[in-house]
Amino acid sequence: MHAKLRAAYGERPLQPRREPLHELISTILSQRTTARDEEAAYQELRQLGDWDAIIAAPVGAVAHAIRRSNYPEQKAPRIQETLRRIRDAPGGYDLDFLQDLPVKDALKWLTDLPGVGVKTASLVLLFNYARPVFPVDTHVHRINTRVGTIARMGEPAAHRALLALLPPEPPLLYELHVNLLRHGQQICTWSAPRCSQCILRERCDAYATYGDRVPSFSEKG
């Protein structure tokens, strides 16, 4: 799968796309939200000021700033509390201590923050610190379930199942994640997947069962 996706979408070198705290907050905003709305929400959030100013702002003002993100009323207090806990930790807003923690401890530290699940934590650790973890978003989960790499399971369990199948090589994990994301956005979509154009169809369980009529993921996978 990695080789076929690389041939289709190219090599993707592991390079941080934004600084760690930006990555963390943007990934919280991205939950159930398009990339465009995530970026718009983040930019308006930062118009409230620095991280201290965002913590001190009325929760309603934070929710309004991130209104382009889905569920802003839920995300706003979580973001403020997450920033508050990070600020009060020994390193303050500098998350670089995560580079030196054992991976298990780094994941636990991040997932103990409000609104930070294993996907968000894994993404920060892989993207920013090249740690050997594999973020499983909705696209990665959907494709691997349809293909049959893993059985149907929840996303937290899918993180463990897929990581157990993959080598602990951060550049490979990063490239596979990013190319699966693109494939899920363009070909193996949630509904009406473009199976006739899919480079993975020859090894796909869903295609073997349904042919070009693979149902929406919420129906039968």
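The values are calculated or read from the model by the stated rules, or taken from the named source; none is laboratory data. The structure presented is a predicted model; accordingly, all values stated were derived computationally and were not measured. When we count neighbours, we look across all protein chains shown, and the Cβ atoms used for this are built from the backbone with ideal geometry, even at glycine. Calculation scope for accessible area: heavy atoms of the full protein, side chains included, ligands and nucleic acids excluded. Shrake-Rupley method; radii C 1.70, N 1.55, O 1.52, S 1.80 Å.
What shape does the range 17-80 take by its C-alpha gyration tensor, where a ≥ b ≥ c are the square roots of the eigenvalues and a/c under 1.5 counts as rounded, a/b above b/c as prolate, and the rest as oblate? Cα axes put the range 17-80 in the oblate bin. For the range 65-158, relative contact order (Cα pairs under 8 Å, six or more residues apart, normalised by length) works out to 19 percent.
Just add up the charged neighbours of Leu162: K/R +1, D/E -1, any other residue whose Cβ is under 15 Å from the Cβ of Leu162. Around Leu162, the charge tally is +1.
Here the range 174-221 has 43 percent of its accessible surface on carbon and sulfur atoms, given a 1.4 Å probe and all protein chains in place. Of all the accessible heavy-atom surface of the range 71-140, with the other protein chains kept in place and a 1.4 Å probe, what percent is carbon and sulfur? Ligands and nucleic acids excluded, carbon and sulfur reach 52 percent. Legend: Rg and Dmax of the chain, from Cα coordinates, 18.3, 55 Å.
Between the range 78-97 and the range 194-216, what is the C-alpha centre distance in whole Å? Taking the Cα centre of the range 194-216 as reference, the centre of the range 78-97 is 44 Å away.
Surface composition of the range 1-59: carbon and sulfur atoms hold 48% of the protein heavy-atom accessible area at a 1.4 Å probe. Exposed loop sites, defined as chymotrypsin sites (Phe, Trp or Tyr not before Pro) outside DSSP H, G, I, E and B with at most 15 other Cβ atoms within 10 Å, are absent from the longest region of the chain, namely 94-189. For the range 1-107, which GluC sites (Glu not before Pro) are in a loop by DSSP, counting at most 10 other Cβ atoms within 10 Å? When the GluC sites (Glu not before Pro) of the range 1-107 are filtered for loop state and at most 10 Cβ neighbours within 10 Å, Glu11 remain.
Shape of the range 1-108 from its Cα gyration tensor (a ≥ b ≥ c, root eigenvalues): rounded if a/c is under 1.5, otherwise prolate when a/b > b/c, or oblate? Oblate. Its relative contact order, with pairs defined as Cα atoms under 8 Å and 6+ residues apart, puts the chain at 21 percent.
A DSSP coil position with no more than 12 other Cβ atoms inside 10 Å describes the following trypsin sites (Lys or Arg not before Pro) in the range 1-72: Arg17, Arg32. Keeping all protein chains in place, calculate the accessible area per residue for the range 66-143 (probe 1.4 angstrom), answer in Å². Result: 43 Å² of accessible area for each residue. Pairs of C-alpha atoms in the range 68-113 farther apart than 12 Å represent 68 percent of all such pairs. Residue-wise HN-Hα couplings along the range 48-58, as the Karplus relation 6.51 cos²θ - 1.76 cosθ + 1.60 with θ = phi - 60° gives them from phi, are 6, x, 6, 4, 4, 5, 5, 4, 7, 5, x Hz; Gly and Pro carry x. Once you order the gyration tensor axes a ≥ b ≥ c over the Cα atoms, which shape class does the range 87-133 get: rounded for a/c under 1.5, otherwise prolate or oblate by comparing a/b with b/c? Here the range 87-133 falls in the oblate category.
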